[in-house]
Structures are given as C-alpha cells and as structure tokens.
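Written below as structure tokens is the structure these notes are about.
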Amino acid sequence: MNINNWYAACIAGELSDKPQQVTILGADLVFFRDDTGAAYCLSDLCIHRGASLSIGECKNGTIVCPQHGWNYNSEGKCTLIPAGSKNPAKPPKRARVPSYPVQEKYGLLFVFLGDMAEDERPEIPDIMPEYDTGDWHIGIIPRSKDISYMRMHENYNDPCHVHYVHEFAAWLPKGVTIIDHENADTHVKAFHASWNAKGQYSEHIGLMMEYNVISSVSRNTNYQPDYPYQIVTAYVTPVDELNSQIFMIILMAKETTKTFGLDGKELRGVGAEEHQMLVDMTRDQVMDEDYTVLKTTRPRLSAQFTEELLVETDRTLAQVRKITQEYAVKAGEIDTVALAALANNHIHVIPCPGHKADPKNWVHKTVPLKNSGIRDELKAVS
Ligand code: FES
Ligand SMILES: [Fe+2]
C-alpha cells in the first residue's frame, strides 16, 4: 500500500460537523467539517492516551477527545487541555496529531496520505471532465469488499472477463483485441476493441479502459452501439491490504446531450429513470458478479508475473500492476509485515506534511516503510 497519494475517503455531501471515522491504509482517520463547512482530516488517535477522536464531538472548529476533553484544531494541534495541566491553554509542542490535506472533487472527499509538501504533491487527475458539464446523469455507489484494491483495479482493466462474468454482456461474441495502448509513468489507457453482435471485428466497438495510480482510479468508457453511452469510474481505496472501499460513479449522457461514437455516429442518451435503473443494476448485480469471482482469486494480493500465464489482452492490467509498483518505490510503500509485528504494542500513523516540515516533536511514530531498515531493527530486538 502506497503512501503519498490521494485516496477517496467519503461522499462529500455526507460529511458534517459530526466526526466520521474512515480507515485507509490500515490507519484510522477522523474527518469533520468546521463552522464554515471546510473539511479536515486528522489521525483518529488522541496523543494523550490513545482514545478515538471520532467518538468525540466538534466544537468551535475543534474536535474534542471523548476521554479527557483535549481540543484539537483543524491543523491537528492541541489547543486546550482542560484538566491535568497547569496551563490548560498552553499545551506542549508535542501535543499534536497528524493532519492531512483534503480536497473535494466529483462529489467525493479525497485525502492526501503522505508527507509531501504542497509543491511536490501530485494533483487529483481530471479523469471525468464530463462530470461538471451538466450534460450527464450522475450516480455514486459506495461499496466495501474484502478484496485487495489492486485486484479490483486489475479487474476493472480486464476486458475479457466482461463477457463471462456479467450477465448483461453474456450474449456478445467473446473476441477482444487491444488497440491504441498509451503508457505513462502514472497512467495507462487502452482501447479494447470487441467483436460486434454479428461476430465481426470492429475498431469502433468496445471498451476504453484507463487507470491512474494517482487517486487510485479506473475509468471504463463503453462504446457499444446497442447500449447508451456510459462512463463507469471506480475509485478504489485500500482500507487495508485485503479490504477495499469502492466509490463507483456512473455517468450516462442525457437525452438532450449530443455524444458521438468512435465511428462518428451519434450515440443514444437516456432519461433519469433509465440511468437510475443502470445504477441499481450495477450496485445490486454487476458488482456482485465481479465479487463472486474475485473472492476466489488467489493469491489475494497481486500475483507475481512469473506465476501467471498472461496473454495479449492482459497487457493493460499488467501495466496497472507495474506502474503501481513503480509508484511505490518513488512515493513509499508501507511495510505491512513489520507493521503487523508491532501493532499490538505501538501506535503508528501515516506521515503528514507536518512531519516533513518538522520531523521532531511527535508522540506517535510513523508507519514502517519497505526498504527503510525496519526489518533489520525487528530482527535485532527479537
Ligand atoms: S485520551 Fe484523549 S484526552 Fe485523554
Ligand atoms: Fe466486471
């Protein structure tokens, strides 16, 4: 699991001044809004005695710990220790919890989990420029699954499973060929042309599949002449190594919107009712069809390339895996084995930009990263 990345945390409209706990990368976080409506994210563990801030309450732009009432402001600084200190309004410098940058986009609230300063941070990709135009129906489906986030993305970029796993596409011919493959450091995009209903190959029919490691997102654009034009975008957030939170966004062009297929012919738009039907079907059927197979897939994390027999049409999903691994080297990857060995006796937090600006004066240690020497330290003490 990579740090220094944006992750979709919750539906923006559902966050209020009531603290909300969200677990990402195995770390408990608390989200809340202040009196002006601005959203914030802090580590959910009080540095006094480890209580969960998310079961406390928000007051005057601060979050109040439920156990002894310490107040934390939006920057994570403790501003008040009501009892047990001679100077309640002057907490020590170490009285602070990590605070993470947040941003709203596409109806979701994203959090940047890492210590990169603002000028080093990647931007959340504009993967859905259609979203804000007013020309599309929009539906958001939140679902959690006990599947690794990489397995989910590999599936969203696997064109051949669609005709087997999904009932809605079972009648289509099974042929798929990759054309127009575009690889970059942080994204991959490829058009997977498929056979038409008469069993003939067509360069204008099929699925455009796209993945961006920044914000952990896959977008599928469906060009089928008999289906309405639809865009399915899935943000997949690692709750931990084996569990994912999915935010799937389904866009379908409105009847009044002019859209065109790859052959230049006009595509059909839909009314709100048809869009809602597709959102319901995706939530109640399509996602479960994927899950039925994914929960049986082994290993539960991504496999080694040498332990699978990949074919030509697996090129996109292989690239998804490769660029995520490459991003891990640059951005930092949590050493989950070391973390598990320490979990019962220690608190570890994801580093935040404040750690880079001022590495000292923190109470909780940051999570061990791969290649950081932590395994040697563990061996030395065992
Ligand atoms: S544990 Fe939070 S104030 Fe004591
Ligand atoms: Fe699927």
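The values are calculated or read from the model by the stated rules, or taken from the named source; none is laboratory data. All of these numbers come straight from a predicted model, not from anything done at the bench. Methodologically, a virtual Cβ is constructed for each residue, glycine included, from the backbone with ideal geometry; neighbour enumeration extends over all protein chains shown.
When residues in region 85-115 are screened for being within 16 Å of ligand 1 (Cβ to nearest atom) and crowded, with 20+ Cβ neighbours inside 10 Å, 5 of them pass. Taken over region 26-43, the residue count meeting the criterion of being under 24 Å from the mean Cα position of the chain (by Cα) and free of Cβ contacts under 8 Å to residues at least 40 places away in the same chain is 6. Take the residues of region 21-38 that are touching a Cys at 6+ places or on another chain (Cβ under 9 Å) and assigned to a strand (DSSP E or B): which is nearest to ligand 2 (Cβ to nearest atom)? In this case the residue turns out to be 22. Output the qualifying pairs, or none if there are none: Cβ atoms under 9 angstrom, residues six or more apart or on different chains, first residue in region 291-312 and loosely packed, with under 10 Cβ neighbours inside 10 Å, second residue assigned to a loop (DSSP other than H, G, I, E, B). Filtered contacts from region 291-312: 307/299.
Would a scan of region 74-84 turn up a residue that is under 17 Å from the mean Cα position of the chain (by Cα), within 16 Å of ligand 1 (Cβ to nearest atom) and of a type outside the set (D, E, K, R)? The answer is no; no qualifying residue exists.
Taken together, the criteria exclude residue 293 from residues that are at pLDDT 95 or above, within 26 Å of residue 183 (Cα to Cα) and of a type in the set (Val, Ile, Thr).
Conditions (1) more than 16 Å from ligand 2 (Cβ to nearest atom); (2) in contact with a helix residue (DSSP H, G or I) (Cβ under 8 Å, 6 or more places away or on another chain); (3) within 23 Å of residue 151 (Cβ to Cβ), marked per residue:
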residue	(1), (2), (3)
225	yes, no, no
280	yes, no, no
291	no, no, yes
327	yes, no, yes
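Just one of the listed residues (367, 363, 349, 337) is farther than 21 Å from residue 152 by Cβ, of a type in the set (A, V, I, L, M, F, W, C) and at pLDDT below 95, and it is 337.
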